[in-house]
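Engineer: So that we are looking at the same thing, I have put the structure below in structure tokens.
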Amino acid sequence: MPYYVTTPIYYVNAEPHLGHAYTTIGADILARHMRQRGEEVFFLTGTDEHGEPVAQAAERAGVSPRELADRNARRFLDLMPQIDVSNDFFIRTSDERHVARVQEVMQRVHDNGYVYEGTYEGYYCPRCADFKTPSELGPGNACPIHEIVLELVTEQNWFFRLSAFEDALLRLYEERPELVMPDFRRNEALAFIRGGLQDVSLSRPKLKWGVPLPWDPGQVMYVWFDALLNYYTALSFARPGEDLTDRFWPASLHVMAKDILKFHSVYWPALLLAAGLELPERMYVHGFLLMGEKKMSKSLGNVLDPFRVIEQYGSDALRFYCFREVSFGQDGSISPAGFEARYETELANDFGNLASRVLAMVERYRDGVVPAGVEVDPALAGGEGGLGGVEVLVAGLLDRAEISRALDVCWGSVRRLNRYVEERKPWELAKDPGRARDLDAVLYNLAEGLRVVTLLLHAYVPKAADRLLGALAERSRGIAALGSRGGGQRIERIPPLFPKLG
Ligand code: MSP
């Protein structure tokens, strides 16, 4: 089964911040892991460029929406290699191939009878590009996310018949319990649907910056419909001269934070049903990275600059920290002090020192050759953090996008290997020539365990893992079981993987 994973496409009204990097790294970890398992993977990210938020920001900056979009899309594009993201394509919704495909799909929705003309009245947040229902409004009719007072807007526009899909969506959620994960997010989506679905405005009459409605080109499409369709349209033009839609649609997994749950879990499946298209298999809805108590966001001005963090600590450290500190799925606070602590104790000490020690001992005691002809030690394979079957456990968790729990399992194995060094004391065995076979066994088990866990960590910390696997003379980047390689290879010593900060 091909694996098609997506991130939300990010608004270009602001520059990228760590929150955007977080989701993108999460999806990247999954994409990398699936490739390691030999799956055919397509990984999409990109930018959401139309709509009021962008048009307004451009006006404030005194430039055209396209200029602003070009400038900020570039920042998002540049972010990807810096955080070591291996996306297969980067979609921009201002791309005319996207626009044409969106029009095609929406025309189908129109022709299928799910569109009508009417008057809309409601509280509209231009930053969310969303009409808020009374229950969603904060005190004083404010947007609960952006904390700005909203105006009551009355408009003549086109509507999408969302209400027609209430029963179909309830059935869908019944039949496919894993459509929205984790479970508590599925319940939120269900509660929203059970609360009754109102038709939604599908077009914006006053706005110019968007996709013109094919049947009424004087209006542009509501940006959320244009945006959601990126997951589908990208496949038709991501590869020049090739249409990947049949190969990769429906998407295997959409990854996003809880702020856009409603759009993905309610509007999106309804829109696809209305267009007669297949629905994505699953979505994973994660929580917010918080700085102090607040969600990081450009408009609240409390962002942590990922470019600066990478400069100081490297991309691996950032990738590791985000998923280790905050359990994927939950909200959690991050801080510069937290970064430093995890870096020192876990990356530099637990993992970096383990790697240095194992490489050094193989060199010192066996002239750099991993002993061959010895068995896997059952003591290392079993028990807490045991490495036997760890690859199966991690794969099972990542199948359900449990990125932090899978990392916990890997870390359990890193710590198990450290305990194994302390328990077996290779330096004492080395003093006694009568125990040469025991020393062979310990060194083989350490090198083999380190190889297995480093292959698993490759999706999280690709740069460090590549260096260490190079030192361990491991060419494959697949997923391996403890004992699947027999020893005999010549290792090399390397400088510390995660040098202590001065
Ligand atoms: N353009 C829409 C999405 C359209 S998808 C069809 C949008 N853009 S956004 O720029 O606001 O990005 C929102 C997403 O960015 C969140 O769902 C999440 O993936 C990521 N995050 C932004 N800030 C974040 C945190 N502070 N913490 C975690 N994720 C964050 O909404």
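The values are calculated or read from the model by the stated rules, or taken from the named source; none is laboratory data. All figures in this text were calculated on a predicted structure; none of them were measured in a lab. All Cβ positions, glycine included, derive from the backbone under ideal geometry; neighbour counts span all protein chains shown. We work out accessible area using only protein heavy atoms, side chains counted, and drop any ligands, DNA or RNA first. Shrake-Rupley method; radii C 1.70, N 1.55, O 1.52, S 1.80 Å.
Engineer: Under the Cβ-under-4.7 Å rule, which cysteines of the chain stay unpaired?
Structural biologist: Cys322, Cys410
Engineer: Evaluate E = 1/(1 + (r/R0)^6) for Thr345 and Asp246, where r is the Cβ-Cβ distance and R0 equals 51 Å; express this FRET efficiency to the nearest 0.05. Intermediate values should be presented prior to the final figure.
Structural biologist: Values: r = 48 Å, r/R0 = 0.95.
With a Förster radius of 51 Å, E is 0.60.
Engineer: Where both residues lie in the chain, what percent of DSSP beta bridges are antiparallel, nearest 5?
Structural biologist: Values: 25 of 47 bridges.
So the antiparallel bridges in the chain amount to around 55 percent.
Engineer: Given that compact globular proteins tend to follow 2.2 N^0.38 Å, what is the ratio of the alpha-carbon Rg of the chain to that value?
Structural biologist: Normalised by 2.2 N^0.38 Å, the Cα Rg of the chain equals 1.10.
Engineer: Among Leu228, Ile260, Thr245, which residue has its Cα positioned farthest towards the positive end of the charge dipole of region 217-262, with +1 placed on the Cβ of Lys and Arg, -1 on the Cβ of Asp and Glu, and the dipole taken about the Cα centre?
Structural biologist: Farthest towards the positive end: Ile260.
Engineer: With all pairs of different alpha carbon atoms counted, what Kirkwood hydrodynamic radius in Å does region 335-471 show?
Structural biologist: Details: mean 1/r = 0.0640 Å⁻¹.
So the Kirkwood estimate lands at 15.6 Å.
Engineer: Residues of region 81-122 with amide nitrogen under 16 Å from the 7 Å Cα-to-Cβ point of Val63?
Structural biologist: Only 94 pass the distance filter.
Engineer: While we're on this one: How far apart, in nm, are two points set 7 Å out from the Cα along the Cα-to-Cβ line at Gln56 and at Met1?
Structural biologist: About 4.1 nm, to one decimal.
Engineer: At Arg475 and Asp259, where each label point lies 7 Å from the Cα along Cα→Cβ, what is the point-to-point distance in nanometres?
Structural biologist: Modelled inter-label distance: 4.6 nm.
Engineer: Mind giving me the nanometre distance, one decimal, between the label points for Glu151 and Arg493, set 7 Å out from Cα along Cα→Cβ?
Structural biologist: If labels sit at Glu151 and Arg493, their model points lie 7.0 nm apart.
Engineer: Give me the three principal axis extents of region 72-220 from the C-alpha atoms, as integers in angstrom, largest value leading.
Structural biologist: For region 72-220, the Cα extents along the three principal axes come out at 43, 42, 38 Å.
Engineer: How large a share of the accessible area of region 335-471, in percent, is made up of carbon and sulfur atoms when the probe is 1.4 Å and the other protein chains stay in place?
Structural biologist: Numbers: 2690 of 5120 Å².
About 52 percent, which is the carbon plus sulfur part of the accessible surface.
Engineer: Ignoring ligands, DNA and RNA, what percent of the 1.4 Å accessible area of region 147-190 is carbon and sulfur? All intermediate terms of the calculation are to be shown ahead of the outcome.
Structural biologist: On the way: 1130 of 2340 Å².
The nonpolar share, carbon plus sulfur, comes to 48 percent.
Engineer: If you don't mind, there's one more thing I want to ask. Stretched out fully, how many nm does the piece from Ala337 to Gln312 gain, at 0.36 nm a residue minus the Cα gap? Could the numbers behind the result be given before it?
Structural biologist: Values: separation 25, 0.36 × 25 = 9.00 nm, distance 1.31 nm.
So the extension gain works out to 7.7 nm.
Engineer: On to the next question. On full extension of the chain, what length is gained from Glu15 through Glu40, given 0.36 nm per residue of separation minus the C-alpha to C-alpha distance? Can you show the working numbers first?
Structural biologist: Numbers: separation 25, 0.36 × 25 = 9.00 nm, distance 3.17 nm.
Full extension from Glu15 to Glu40 adds 5.8 nm.
Engineer: Let me ask another. Please compute the per residue accessible area over the chain with all protein chains in place, 1.4 Å probe, rounded to a whole number of Å². Each step should come with its number before you reach the end.
Structural biologist: On the way: 19930 Å² over 502 residues.
Ligands and nucleic acids excluded, the figure is 40 Å² per residue.
Engineer: At R0 = 25 Å, how high is the FRET efficiency between Asp438 and Asp367 if r is their beta carbon distance? Nearest 0.05 is fine.
Structural biologist: Details: r = 18 Å, r/R0 = 0.72.
Efficiency for this residue pair is about 0.90.
Engineer: Treating region 15-143 as a set of equal point scatterers at the Cα positions, no solvent, please give the Debye-formula log₁₀ I(q)/I(0) at q = 0.09, 0.16, 0.20, 0.22 Å⁻¹.
Structural biologist: -0.40, -1.09, -1.21, -1.23
Engineer: Which one, Cys128, Met361, Ala191, projects farthest toward the positive side of the charge dipole computed for the chain from Cβ point charges (K/R +1, D/E -1)?
Structural biologist: Farthest towards the positive pole: Met361.
Engineer: Here is a further query. Let me check I have the definition right: for region 181-334, take the eigenvalues of the Cα gyration tensor, multiply each by 5, take square roots. What are those semi-axes in whole Å, largest first? Can you show the working numbers first?
Structural biologist: Working: eigenvalues 191, 84, 73 Å².
Here the semi-axes work out to 31, 21, 19 Å.
Engineer: OK, next. If you stretched the chain out fully between Gln330 and Lys500, how much longer would it get, using 0.36 nm times the residue separation minus the C-alpha to C-alpha distance? Walk me through the numbers before you get to the answer.
Structural biologist: Details: separation 170, 0.36 × 170 = 61.20 nm, distance 2.99 nm.
Going from the current span to full extension adds 58.2 nm.
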